[in-house]
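Note sheet for the following structure.
Just so it is clear, none of the values below were taken in a lab; they were calculated from the coordinates. On a predicted model such as this, the values are computed, not experimentally measured, just so you know. Because the Cβ atoms are built from the backbone with ideal geometry, glycine has one as well, and the counts that use them run over all protein chains shown.
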Amino acid sequence: FSTFQNSPKWQTNQLTYRIVNYTPDMSASEVDFSIEKALQVWAKVSPLTFTRIYSGNADIMVSFGGREHGDFYPFDGPDGTLAHAFAPSPGIGGDAHFDEDETFTFGSSRGYNLFMVAAHEFGHSMGLSHSNDVGALMYPIYQGYNDPNTYVLPRDDVNGIQSLYGPNSDVNPDKPDPKPPTTPDACDPTLVLDAVTTLRGEQMFFKDRFFWRVNSQSSTAQQNVIKTYWPELPDNVDAAYESGENYNVYIFKGSQVWALSGYDVIRGYPKSLSSLGLPRTVRKVDAAFYDEQSRKTFFFIDENYYSYDEARKTMDDGFPKRIGDGFPGIGGKVAAAFQNQGYTYLFKGPYVYEFSLRSKRLYRVLRNSYFLTC
Amino acid sequence: VPLLSPTEEDETLADSYLKRFYNLTEQVGSKARNGLFERYEKVSEMQRFFRLKVTGTLDHETMHMMKKPRCGVPDVAA
């Protein structure tokens, strides 16, 4: 996290806010709810309180305006800049302005979720500047929809606001709030990945609500929030693979599978696992990869694996088999899998097993950092 | 793969972005060369902030990041 130069902050913890006008994109009650919830995000973890007033000057004046809107920082029309807010100070300090040329939404439909945009802007209103933690609310890029009723402020933002105002002393020790989520670190030696796949020459490593992109031209793994690329996809995915037949990427979570064509989710998905021919008793796929040589996809489920014929779109007979039978030296469950340069890589805990499918030999045991250079 | 040079449109967008969020200053005439260096520095600063590969040039990843919807407050403290 970071604060503004000279760390401006409010000298009182009892702040007022006023909604000066409304966007026609949403009902007034939806705007009221979104703004109140966005302020509560910060109130939950600090001693700050927010009281709404309906006339006169409030510490935080909330308004919607387009292009030049009276503060010498004009907006830029649709997309681009969504909103801005001013650091604590008298007058315009603390005020939050939303670009009326955007389409603001209450839910997760197309457009920008007002709750998420407002929660970010109110961080500025409290004195926080932008964070370069991609998982932080104060990261400058719009991060997609989150449910205002269940949203938990990430650890980086909690640290930021508490560095200015301290913690919330009113938290009930018998009912502590949910633990703030942290952003996974590619350099963490204990990191256990959720899923790995290729996507048009790049490698994608999934963990929680994030994924890292690695391509051959870049020496660093670029971390992203899943929802900024695919708003329809769930977090905490189970498995992923890229089909060598149609170059779609399939993402698995629970009993559902999504198909991606580049950065678009293919219409008609998610589908059930049984649509792939997996038995209806299968509730979750742990890992999957496409084998270029045999043109089969292998699905890992508990301690077994299935073989799927991509060309015929059917499961092969004679499966499931024990993982150790097809991959000698690999026992138990597999967390993620993919192929790279002819080798098969199976991920178990913080380790990666380099395996040759042809010779059925295990060559090396590596760390995640072998792929996620950090 | 072939590396594509940024288009004129990309250059304009980048200058506008860097002025707005990274305090890039307008430099003309004899100072134009300093301006090129300043832009290299500002692009590098932006790439460091977003943990992109630091090239100082308007590569695909950098342009992709500049085109994402975002907050209007500068990334560098004013």
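When the Kirkwood radius is taken over all Cα pairs of the range A:141-203, what Stokes-Einstein diffusion coefficient follows at 10 °C and 1.306 mPa s, in µm²/s?
On the way: Rh = 15.4 Å.
For these conditions, the coefficient is 103 µm²/s.
What Kirkwood hydrodynamic radius do you get for the range A:84-208 when you take the inverse of the mean 1/r over all pairs of distinct Cα atoms, in Å?
Evaluated on the range A:84-208, it is 16.9 Å.
For chain A, what value does the Rg/Rh ratio take when both radii are computed over Cα atoms and Rh is the Kirkwood radius, given to two decimals? List each step's numbers first, then the result.
Details: Rg = 24.1 Å, Rh = 22.9 Å.
Dividing the radius of gyration by the Kirkwood radius yields 1.05.
Roughly what percent of Cα-Cα pairs across the range A:185-260 reach past 19 Å? Let's see the in-between values first.
Numbers: 899 of 2850 pairs.
Summing the P(r) of the range A:185-260 above 19 Å gives 32 percent of all pairs.
Looking at chain A as a GNM with Cα springs under 10 Å, which of A:90, A:350, A:47 has the largest mean-square fluctuation?
In the Gaussian network model the winner is A:90.
Quick one: grab the alpha carbon gyration tensor of the range A:289-341, order the square roots of its eigenvalues as a ≥ b ≥ c, and give me rounded if a/c is under 1.5, else prolate or oblate depending on whether a/b is larger than b/c. Before the final figure, lay out each step's value.
Working: a/c = 2.00, a/b = 1.29, b/c = 1.55.
In terms of gyration-tensor shape, oblate.
Would you mind telling me the antiparallel percentage of the DSSP bridges in the range A:62-215, rounded to 5?
70
On C-alpha positions alone, give me the angle between the axis of helix A:114-126 and the longest principal axis of chain A, in degrees, nearest 10.
60
Which of the pairs A:179/A:207; A:227/A:321; A:227/A:313; A:321/A:360 have their Cα atoms more than 25 Å apart in this structure?
Over 25 Å Cα-Cα: A:227/A:321; A:227/A:313.
Ratio of alpha-carbon Rg to the 2.2 N^0.38 Å globular estimate for the range A:273-318, to two decimals, please. The partial results should precede the final answer.
Numbers: Rg = 10.0 Å, N = 46, 2.2 N^0.38 = 9.4 Å.
The reported ratio for this selection is 1.06.
So how far apart, in nm, are the two label points at residue A:185 and residue A:132 if each is 7 Å from Cα heading toward Cβ?
Going by the 7 Å Cα→Cβ label model, 1.5 nm.
Using a/c under 1.5 as the rounded threshold, could you call the range B:34-78 rounded, prolate or oblate? The axes a ≥ b ≥ c are square roots of the C-alpha gyration tensor eigenvalues, and prolate needs a/b larger than b/c, oblate otherwise.
Cα axes put the range B:34-78 in the oblate bin.
Check the straight Cα-Cα distances from residue B:19 and name the lysines below 28 Å, setting aside those fewer than 8 residues away within the same chain.
Residue B:19 reaches A:9, B:31, B:42, B:53, B:67, B:68.
Once you sort the root eigenvalues of the Cα gyration tensor of the range A:26-168 as a ≥ b ≥ c, which label holds: rounded (a/c under 1.5), prolate (a/b larger than b/c) or oblate (the other case)?
The shape class here is rounded.
Using only Cα atoms, tell me the angle between helix A:28-43 and the longest principal axis of chain A; keep it within 0 to 90° and round to the nearest 10.
80
Take the alpha carbon atoms of the range A:203-318, find their radius of gyration, then divide it by 2.2 N^0.38 Å using N residues; give the quotient. Provide the component values of the computation, followed by the final result.
Working: Rg = 14.2 Å, N = 116, 2.2 N^0.38 = 13.4 Å.
Taking the Cα Rg and dividing by 2.2 N^0.38 Å, one obtains 1.06.
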